[in-house]
Amino acid sequence: MTTSPVYSERWFRVGSLRPRLGTMVRIRRQVVRGETWMLLSGHPKQPAHRLDHGGWAFVGRCDGRRTVDDIWRAIVADNADDSPTQDEIIGLLMQLHDADLIDVDNQSQIAALERRRGSRRRRARRARLNPLGFRATLGNPGAMLDRLAPLQRLLFSRTGMAAWIALVAIGLFTWIANWDEAADHAARWLTTPRYLLIAWLCYPVIKLIHETSHGLAIRRWGGDVREWGLALLFLTPLPYVDASDASLLPNRAQRALVSAAGIMAELAMAALSLLAWSQLEPGLMRDVMFSIALTCSLSTVLFNANPLMRLDGYYLMCDLLHLPNLAMRSSAWWQAWLVRHLLGLRHRRGPRLHRAERRWLVAYAPLSWG
């Protein structure tokens, strides 16, 4: 069987560089399926990077004194049979440099990296200027979340979970008991301009509560929310919070609850609104309650909780099943498989798989493409 080439013709560009971890990089240890991974995070707008033993063997030695070649040779000397190739080291170095997690002493030797970074920044600027997808940062939400601190301890507790389950159950029972009336109400009024305007006005408020729930969940277990703002999506202003610290939480149940917080908030809003709708007389407030109930329940079930879309349901599934970066890794596995079997490049390897992960990585990309 053909194996990956150990040496790279591009090595002369990086071998003499002296990389070092950025001063603002945070490092966390995480155990997944019995294996230890290291999580590196830096800029709040960049996702955390997950390193296996081989990746950390390189990054952990990046002290600004040793060259890339010295580090690679030390890794080979320690474990010649399972050491990364030079191309793999180059790929890791480029990825971490592009994410501002590693600095190097000679920028001219990695001009390709700078061009790549410039391209990424140009794409980010174009995205910010897009009138249909504009984002405006409002700063750090710490002061607001501090005022809501008592809520986070109440909501994310055994008592809070029991109350949420009871509320959603009552809401579901109310929906079933009033099914005929609700269906008739929806059929007659749902597509009218009045209801569309009500839904458009209510949706930013729903999303504010949704995103605040994520922020409270992260703060509940010691994480930080360093940014919040408004995104303009199809001319609708939608609040957002930076939830990247969730990936650094050591406990997967905590990470899962951060991912689930928005879904839980919307289902609770749906239940409360449906209860209010069932008791109110016809009029504006009854229409508002029905619109909130329908929006929260449908958007959550069809979109936000759908694990095949890169929304809360996807991250919840990844946390519960110990499948970090599932979509990206599944796509990388299929790309490597296609390159090996269609182009005959047998030395191209896909991402390293744990035996229990294989069926998920093989299945996810084709299912999400559909």
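The values are calculated or read from the model by the stated rules, or taken from the named source; none is laboratory data. Just so you know, these numbers come straight off a predicted model, no measurement behind them. Heads up, the Cβs are rebuilt from the backbone with ideal geometry, glycines too, and the neighbour counts pull from every protein chain shown. Keep in mind that these areas ignore ligands, DNA and RNA; they rest on the heavy atoms of the full protein, side chains included. Shrake-Rupley method; radii C 1.70, N 1.55, O 1.52, S 1.80 Å.
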Can you tell me which residue in segment 62-81 is nearest to VAL25 (Cα to Cα), limited to those that are in contact with a Pro (Cβ under 9 Å, 6 or more places away or on another chain) and in a loop (DSSP other than H, G, I, E, B)?
CYS62
Could you identify the single residue in LEU167, LEU145 that is more than 18 Å from MET269 (Cα to Cα) and in contact with a helix residue (DSSP H, G or I) (Cβ under 6 Å, 6 or more places away or on another chain)?
LEU145
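Please specify each residue of segment 249-267 satisfying the condition of being out of contact with any Leu (no Cβ under 6 Å at 6 or more places or on another chain) and more than 13 Å from LYS207 (Cα to Cα).
The initial filter retains those residues of segment 249-267 that are out of contact with any Leu (no Cβ under 6 Å at 6 or more places or on another chain), namely 249-254, 257-258, 261-267.
Answer for segment 249-267, where residues must be out of contact with any Leu (no Cβ under 6 Å at 6 or more places or on another chain) and more than 13 Å from LYS207 (Cα to Cα): LEU249, PRO250, ASN251, ARG252, ALA253, GLN254, LEU257, VAL258.
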All positions within segment 220-253 that are among the basic types (Lys, Arg) and over 18 Å from LEU138 (Cβ atoms)
ARG220, ARG252
Has segment 266-273 got at least one residue that is touching a residue at least 12 places away in the same chain (Cβ under 8 Å) and under 14 Å from the mean Cα position of the chain (by Cα)?
no
Counting only residues that are in contact (Cβ under 8 Å) with a residue 24 or more places away in the chain and of a type outside the set (Phe, Trp, Tyr), segment 145-159 contains a total of 7
Reported set for segment 82-110 where residues are outside any loop (DSSP other than H, G, I, E, B), more than 28 Å from the chain's Cα centre (by Cα) and either surrounded by 18 or more Cβ atoms within 10 Å (Cβ to Cβ) or at pLDDT 55 or above (or both) is ASP82, GLN86, GLN107, ILE110
Quick one: count up the residues across segment 353-370 that are under 17 Å from LEU311 (Cα atoms) and either at pLDDT below 85 or in contact with a Leu (Cβ under 7 Å, 6 or more places away or on another chain) (or both).
5
Subset of segment 170-203, residues assigned to a helix (DSSP H, G or I), of a type in the set (Val, Ile, Thr) and open to solvent by 80 Å² or more (accessible area, probe 1.4 Å), comes to ILE170, ILE176
Go through (1) in a helix (DSSP H, G or I); (2) out of contact with any strand residue (DSSP E or B) (no Cβ under 7 Å at 6 or more places or on another chain) and name the single condition LEU208 misses.
(2)
Pairs under 7 Å by beta carbon, first residue under 28 Å from VAL32 (Cα atoms) in segment 334-359, partner of a type in the set (Gly, Ala, Ser) and modelled with pLDDT of 75 or more, six or more apart or different chains?
TRP334/ALA365; ARG348/ALA336; ARG349/ALA336; GLY350/ALA332; GLY350/ALA336; PRO351/ALA332
